[in-house]
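Notes for the one structure printed next.
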Amino acid sequence: MLAFDHIVVASENPLDDRRQLTEKYNLTGVPGGHHENWGTFNELSYFSNRNYIEWLGLQHPDTASQSDNPLIQQFKQTFDQGNMGPFQFALRTTDMDGYISYFRSQNIAYTGPFPGERMRPDGSVLKWRMLFPKGPAGLPPLPFLIEWEGVNEPSQASDINAEKFQSLSIGTEEIERYKEVLVHTFQLKNMEEPSQLTYRWPLQNGELILTKGQHIFVHFDTFQL
């Protein structure tokens with residue numbers, strides 16, 4: 001089963017934005033690192049059921065503009081339009097190759113996998129892969145899949161907040177079309193009966209919710225992003 005891995009927040013100043021949230025809710029945050037190949041950097045806040053918030057900032061605009069990574073392309077467009085805030089999220093898998101085979105068998109368009117890495121503040125290198133399924137035009141971008149090499153955790157256990165992720169809610173006006181795409185692309189199971197145009201699917205560490213509107217909301221124990 002897929003798990004919620006992280007929400008990506010476009011930020012003009014990741015450190016300030018991270019501090020604003022962590023100080024407001026008495027949370028812990030940590031520096032992320034620099035993505036030299038993408039021209040970006042980040043700040044992070046980790047939570048106890050293996051997920052985190054990422055504040056993504058622009059360091060080298062020319063490098064970001066030349067990236068072929070769909071997340072960086074989406075971030076650069078979002079940043080240039082001044083739309084700061086949550087704009088994308090990742091679902092974690094331990095079988096990315098299985099999803100690639102499934103996408104091919106179902107003629108689901110995708111790009112990747114893209115390798116990623118960043119140097120942590122302690123000098124160690126964290127590596128991962130990202131896979132980007134493509135949805136129909138006119139619908140919100142689909143979340144991307146991420147697979148970690150090892151475990152993505154801060155170097156100190158004390159930097160993991162006791163708060164837990166509860167649910168992520170996506171809003172779109174094309175709720176029925178987007179629901180069909182989500183189910184088919186990610187093989188979502190055990191869908192509950194809809195209630196007032198709300199669909200829910202279990203994740204390994206919480207719940208994915210689809211409602212009518214235009215938003216991405218992430219709910220934790222005592223706060224919403």
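Of all residues in segment 68-113, those that are among the β-branched types (Val, Ile, Thr), within 17 Å of the chain's Cα centre (by Cα) and either part of a helix (DSSP H, G or I) or modelled with pLDDT under 95 (or both) total 2.
Residues in segment 159-176 that are farther than 17 Å from His215 by Cβ and modelled with pLDDT under 95: Glu176 only.
With touching a residue at least 12 places away in the same chain (Cβ under 8 Å), touching a strand residue (DSSP E or B) at 6+ places or on another chain (Cβ under 7 Å) and farther than 15 Å from Ile146 by Cβ as the only criterion, which of Pro113, Pro70, Pro61, Pro31 stands out? The unique qualifying residue is Pro31.
Identify the residue in segment 166-191 that is part of a loop (DSSP other than H, G, I, E, B) and not acidic (Asp, Glu) and, among all such residues, is farthest from Leu139 (Cα to Cα). Only one residue tops the list, namely Asn190.
For segment 20-36, a tally of residues being surrounded by fewer than 17 Cβ atoms within 10 Å (Cβ to Cβ), under 19 Å from the mean Cα position of the chain (by Cα) and modelled with pLDDT under 90 returns 1. For segment 69-95, the set of residues classified as closer than 14 Å to Pro133 by Cβ and in contact with a Lys or Arg (Cβ under 9 Å, 6 or more places away or on another chain) consists of Pro70 only. Of the set (1) more than 15 Å from the chain's Cα centre (by Cα); (2) surrounded by 15 or more Cβ atoms within 10 Å (Cβ to Cβ), all apply to Pro61 but (2).
Filtered by the rule that a residue be touching a Phe, Trp or Tyr at 6+ places or on another chain (Cβ under 6 Å), farther than 13 Å from Tyr99 by Cβ and not in a strand (DSSP E or B), segment 135-148 gives a lone residue, Leu139.
The values are calculated or read from the model by the stated rules, or taken from the named source; none is laboratory data. Note that this is a predicted model, so its numbers are computed, not measured. As a convention, Cβ positions derive from the backbone with ideal geometry for all residues, glycine included, and neighbour counts pool all protein chains shown.
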